[in-house]
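What follows is calculated from the coordinates using simple rules that are stated; it is not laboratory data. From a predicted model like this one, the values you see are computed outputs, not experimental measurements. Cβ coordinates were reconstructed from backbone atoms using ideal geometry, including for glycine residues, and neighbour counts include every protein chain displayed.
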Protein chains: 2
Amino acid sequence: MSVLIVGSMALDTVETATGRVENALGGAATFAGMAAALFTRVRLCGVVGEDFPPHELEALSNRGIDLAGVERAAGKTFHWSGVYSHDFTHRETLDTQLNVFEHFHPKLPDDWRDSEYVFLANIHPALQLAVLEQTKRPRLVFCDTMNLWIDSQPEQVLEVLRNVDVAFMNDEEARAICNTHHLVLAGRKLLTMGPKIVVIKKGEHGAMLFSQDDYFVAPSYPVEMLVDPTGAGDTFAGGFIGYLDQTGNHSPQNLRRALVYGSIVASFAVESFSVERLRSVTPGDIAERYDRFRRIIEYH
Amino acid sequence: MSVLIVGSMALDTVETATGRVENALGGAATFAGMAAALFTRVRLCGVVGEDFPPHELEALSNRGIDLAGVERAAGKTFHWSGVYSHDFTHRETLDTQLNVFEHFHPKLPDDWRDSEYVFLANIHPALQLAVLEQTKRPRLVFCDTMNLWIDSQPEQVLEVLRNVDVAFMNDEEARAICNTHHLVLAGRKLLTMGPKIVVIKKGEHGAMLFSQDDYFVAPSYPVEMLVDPTGAGDTFAGGFIGYLDQTGNHSPQNLRRALVYGSIVASFAVESFSVERLRSVTPGDIAERYDRFRRIIEYH
């Protein structure tokens, strides 16, 4: 029982209405890994540079995240810098330095090849495919993507979709791939492109889950204190996958619960910059929000 | 048991990606009245001009909508004309002709003054207040508003809010009144401005209900065939209020159910231009979507 996650590991400089952090722990794989580790063991595959703080690697490791697949390369860590509008509705990328990410070729440790749950978190689709080729018949393959790849590498994004079981994407990405504003139609169309399950993330508006036999939608857990939305989508996916791996149950009902757990874990992530809040979340915290969420959406 | 609704009655010319209608039945009170009439008896207060088709008045009347409060004035009916962007995300008003609406002074028939449920649908806030003054201790007063009044008559909108029990508004309006993008905070703030219950409508993303003791959020019923969103919010409010009146139960749990019924009735409204689909909705149709909605959002 463990989840293999491949994706970016980064140091982020982020400014929001509530403050600013410099070179804080970030990256899709980092957020997803922290989230999944709340439920199960995690194998992380990525690359960091010489400037990546050793105590951060230690902290990840202490959470049960296996870093045998994390390459330490010469040079600097991938760095993203962005600023959010006062109302959090827009974000502007100020700077992207690929650094060690530019020449990254993910290599799975031999004993990771038979990982049962594989999450291709946001990263160049060619790298997602390269990881997939190194695995041996995983039970479930998940992917995420981003607008950048949909615009610049549409064919490779489609190739990834053809090869996964579960596709996560946000509403804008779903609309861009499917060329429709109508998310219900977009979800259905995505099901014809490869994935057996499609999860569309709508940020503050919740998430939708589509499969051949099921359609589920849930609002997001109501966040009281929004500090930094960076990584919320990755955290959501990590929580979803971690819960699925923990329970080993792929029934429609359990996929629905996984979505709610993803939403709840993401609600913690956005309450701080970087992964700060995720560091201190306890199983009790999660259970409390799960129960509260149930009370919030129940009506019959 | 009956709901008094005051608001605009209109003839609309609307164009969407799916087609176009001219001088079709419209107006906030019309949509809300049609929706409420699916659950209870309705008293409609508004004004129409000489061009208002007599068969439309007859059709409303045949649905159990009492038109004793509808004034037939010399001149033309209020006319709104608008066009929606191809993806339905924006709408542009092409023309607004107030016509008989310009000098409208709502007058309640004497035997309507003791109406227990009063809905001040979208209309100039001064007219909403004028209607309220004619009522005698209603059990529940509901209001809706629109950005036009929030921008042009903010003080009067606040005066309306101070005098109602339940305020409906859409997300943009809530943000404008409360000067925050954060809808959870906006809902709470609105509770301090008069209403005991606040319902924020988020269109395709559902709706939120706030009271001192309760917070509820529901996604919208998934619409498969979006034809014309005009009147969806009015329909939602009408369905909500009609269901409350039908059941006479103001418990938090029943308010939640009312919101779901509102959402379901609105899902029918947008499947056609004008009120066409609402004309043919049966109790069985509503029950079917209510059950399906429950299955869509259930996860435990």
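General observations
- Computed E for B:Lys136/B:Gln253 - FRET, C-beta separation, R0 35 angstrom, nearest 0.05: 0.75
- Partner shielding of A:178-191 amounts to 2, given as the average count of beta-carbon atoms from other chains within 10 Å of each residue beta-carbon.
- Rounded to the nearest 20 debye, the dipole magnitude of the protein assembly as shown is 1480 debye, with +1 charges on Lys and Arg beta carbons, -1 on Asp and Glu beta carbons, and the Cα centre as origin.
- Region A:241-278 and region B:82-133 have their alpha-carbon centroids 45 Å apart.
- Of A:Lys136/A:Lys196; B:Lys107/B:Lys202; A:Lys107/A:Lys189; A:Lys189/B:Lys196; B:Lys76/B:Lys196, pairs whose Cα-Cα distance is over 31 Å: B:Lys107/B:Lys202; A:Lys107/A:Lys189; A:Lys189/B:Lys196; B:Lys76/B:Lys196
- Whole-Å distance, taken between Cα centres, linking region A:1-53 and region B:191-216: 36 Å
- Proxy reagent accessibility, fewest Cβ within 10 Å first, across A:Lys107, A:Lys189, A:Lys136: A:Lys136, A:Lys107, A:Lys189
- Put simply, the amide H of A:Val47, placed in the peptide plane, has neighbours under 5 Å in A:Met9, A:Glu71, leaving out anything fewer than 5 places away on its chain.
- Cβ neighbours within 10 Å from other chains - mean over B:204-216: 3
- Per-residue HN-Hα couplings for region A:265-277 [Karplus 6.51, -1.76, 1.60; θ = phi - 60°; Hz; x = Gly/Pro]: 5, 5, 5, 6, 4, 7, 7, 8, 6, 6, 9, 3, 5
- Each DSSP beta bridge with both residues in region B:112-254 is either parallel or antiparallel, and the antiparallel ones are about 45%.
- Kirkwood-based shape ratio for region A:44-108, expressed as Rg/Rh from alpha carbons: 1.07
- Simple rule: put +1 on each Lys or Arg Cβ and -1 on each Asp or Glu Cβ in region A:2-297, find the dipole, and look at A:Cys178, A:Gly19, A:Gln253; the Cα lying farthest toward the positive end is A:Gln253.
- Percent RCO, i.e. relative contact order, over region A:1-48, from Cα pairs under 8 Å lying at least 6 residues apart: 50 percent
- Note, ³J(HN,Hα) from phi for region A:23-34, Karplus 6.51, -1.76, 1.60, rounded to Hz, x at Gly and Pro: 6, 8, 3, x, x, 4, 5, 5, 4, 5, x, 4
- 20 Å binning of all Cα-Cα separations within the protein assembly as shown, expressed as whole percents from 0 upward: 20, 47, 26, 7, 0
- Converting phi to 3J(HN,Hα) with the Karplus coefficients 6.51, -1.76 and 1.60 and the offset θ = phi - 60°, region B:213-223 yields 10, 9, 9, 9, 9, 9, x, 7, 5, x, 7 Hz in sequence order, with x at every glycine or proline.
- Antiparallel %, DSSP beta bridges [both residues in the protein assembly as shown], to 5: 40 percent
- Taking Cα centre as origin and charging only the Cβ of basic (Lys, Arg, +1) and acidic (Asp, Glu, -1) residues, the dipole magnitude of region B:3-293 rounds to 860 debye.
- The mean sequence separation of alpha-carbon pairs under 8 Å and at least six residues apart, normalised by the residue count of chain A, gives a relative contact order of 18 percent.
- Helical mean residue ellipticity (222 nm; -39500 (n - 2.57) per DSSP H run of 4+; nearest 500) of chain B: -11500 deg cm²/dmol
- Neighbouring partner chain Cβ atoms per residue of A:219-228, average, 10 Å criterion: 3
- Rg then Dmax, both in Å and based on the Cα atoms of region B:63-181: 16.0, 47.
- For B:Thr247, the point set 7 Å out from Cα toward Cβ sits 2.8 nm from its twins in the other copies, listed from shortest up.
- Among A:1-9, B:216-224, B:110-118, sorting by the average number of other beta carbon atoms lying within 10 angstrom of each residue, highest first, gives A:1-9, B:216-224, B:110-118.
- Each peptide in B:66-76, A:87-97 receives the mean, over its residues, of other Cβ atoms within 10 Å, and ordering these scores from highest gives B:66-76, A:87-97.
- Cβ crowding within 10 Å, taken as a proxy for footprinting-reagent exposure, orders A:Arg162, B:Arg289 from fewest neighbours to most as A:Arg162, B:Arg289.
- GNM result for chain A, Cα springs below 10 Å: residue of A:Gly27, A:Gly242, A:Gly284 fluctuating most strongly: A:Gly284
- Ranked by how many other beta carbons lie within 10 Å on average, peptides A:195-205, A:225-235 from highest: A:225-235, A:195-205
- Cα gyration tensor, region B:142-289 - rounded (a/c under 1.5), prolate or oblate: prolate
- Cα shape, chain A, gyration tensor, a/c 1.5 rule: rounded
- Compactness index (Cα Rg / 2.2 N^0.38 Å), region B:1-113: 1.11
- DSSP-defined antiparallel bridges as percent of all bridges, chain B, nearest 5: 40 percent
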